[in-house]
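Below you'll find the structure, written out as structure tokens, and then a few comments.
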Amino acid sequence: MSKNSLASLLLVFSTSCAATSIHDGSAVIQSDPALLSCASAPLTYSCENTGLITNTCCTSTPGGLVLQTQFWDTYTGLEKKGQLLPKGSWTLHGLWPDNCDGSFEQYCDFSRQFDPDPSPAALPNGTVIPPWKGPSISTFIAEFGRTDLLNFMNAYWVSQGSPNADFWAHEFAKHATCLSTFDIACYGRSYKKHEDVVNFFDAAIRAFHRYPTFDMLAAFGIIPSNKTGYDLTDIETALTSQTGAKPFLGCSKNGTVLAEVWYFNHVLGTPQYGNFKPVNSTTTTSCSSTSKIWYYERTKTSEQEVRSGKSLL
């Protein structure tokens, strides 16, 4: 496809995205960056470019190593408040921009610091991160008419030990503000307040859908069990065979209880809409290579059925 043809397609796309659409009977406000200028950008995967990136709205920089991260929790601690885990699925943790060497930045824009309980409380240079005292980040989503997004996040982006919305705010403030393609300037003159927040959550969910961890493991006979432990190599092989790269597996309890997975990617285009190319983890697993790994069943009263004939998102 020629650059002129691509530019024409992007122009049609950006024009259609500017329109207000209808969802569930209420007005939905679009939240998309202005990417028309990216039509002439070099087609190169992040962390594989050899030249200077001149348009950081088109390629995430310096955090070009993009991680899609997930949790396997067995309870939330807030079951009495209706905060439950989704049956048949891991939960979304976040979308993180690591630098190409595996290092990372955090809390890069205090003007968009919406985390009520920053972790860490201060940056490595000692700068204290001011806790957010304003409204819940869930109100930002509601302002865009995105009840579909809120429903999905409450079903699959579930926190342990804190309200879901506080967790979402943490993920945005700590990580999204360090993804250059979510900078406010990338949304152009028509930027709507908190548009970047909604756009980030949509992007994190798109990335989450790329990696159905529960299903991939189950296809190899690896299912939650309180009676059977698994070898680390079997878990790694199952996921690597389906993604093309070795993810990071995180374990608690001296490396014996499976708790999280991180999928590492180089991205062609933006993390919002671009193509993810899996690459091997730059972080050494914290799971034992000599003991059995326990992939525990969830507490029955801690999960709910969220799968149905109607898609949440």
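Read-outs throughout are calculated quantities, based only on the coordinates presented, and are distinct from any laboratory measurement. Bear in mind the structure is a predicted one, so any value in this text is a computation, not a measurement. Every residue, glycine as well, gets a Cβ built from its backbone with ideal geometry; the counts of neighbours run over all protein chains shown.
Criterion first (over 30 Å from Asn99 (Cβ atoms), out of contact with any helix residue (DSSP H, G or I) (no Cβ under 9 Å at 6 or more places or on another chain) and of a type in the set (D, E, K, R)) does Glu260 satisfy it?
no
Does Phe167 qualify as being in contact with a Ser or Thr (Cβ under 7 Å, 6 or more places away or on another chain) and without any contact (Cβ under 8 Å) to a residue 12 or more places away in the chain?
It is true that Phe167 is in contact with a Ser or Thr (Cβ under 7 Å, 6 or more places away or on another chain) and without any contact (Cβ under 8 Å) to a residue 12 or more places away in the chain.
Test Thr213 against the stated conditions and say whether it is hydroxyl-bearing (Ser, Thr, Tyr), crowded, with 20+ Cβ neighbours inside 10 Å and either in contact with a Cys (Cβ under 7 Å, 6 or more places away or on another chain) or farther than 21 Å from Trp90 by Cα (or both).
no
If Asn280 meets every condition in (1) surrounded by 16 or more Cβ atoms within 10 Å (Cβ to Cβ); (2) under 24 Å from the mean Cα position of the chain (by Cα) apart from one, which number is that one?
(1)
Restricting the search to segment 170-181, which residues are touching a residue at least 60 places away in the same chain (Cβ under 8 Å) and either among the β-branched types (Val, Ile, Thr) or under 15 Å from Phe140 (Cβ atoms) (or both)?
Glu171, Phe172, Ala173, Ala176, Thr177, Thr181
Any residue at all in segment 106-122 that's of a type in the set (A, V, I, L, M, F, W, C), under 18 Å from the mean Cα position of the chain (by Cα), under 25 Å from Thr299 (Cβ atoms) and in a loop (DSSP other than H, G, I, E, B)?
The answer is no; no qualifying residue exists.
Would you check if there is a residue in segment 75-89 being within 25 Å of Ser60 (Cβ to Cβ) and touching a helix residue (DSSP H, G or I) at 6+ places or on another chain (Cβ under 7 Å)?
For segment 75-89, residues within 25 Å of Ser60 (Cβ to Cβ) and touching a helix residue (DSSP H, G or I) at 6+ places or on another chain (Cβ under 7 Å): absent.
Of the residues that sit in segment 150-163 and are in a helix (DSSP H, G or I) and surrounded by fewer than 23 Cβ atoms within 10 Å (Cβ to Cβ), which one is nearest to the chain's Cα centre (by Cα)?
That would be Tyr156.
In segment 81-98, which residue that is assigned to a loop (DSSP other than H, G, I, E, B) and over 16 Å from the mean Cα position of the chain (by Cα) is farthest from Ala218 (Cα to Cα)?
Gly82
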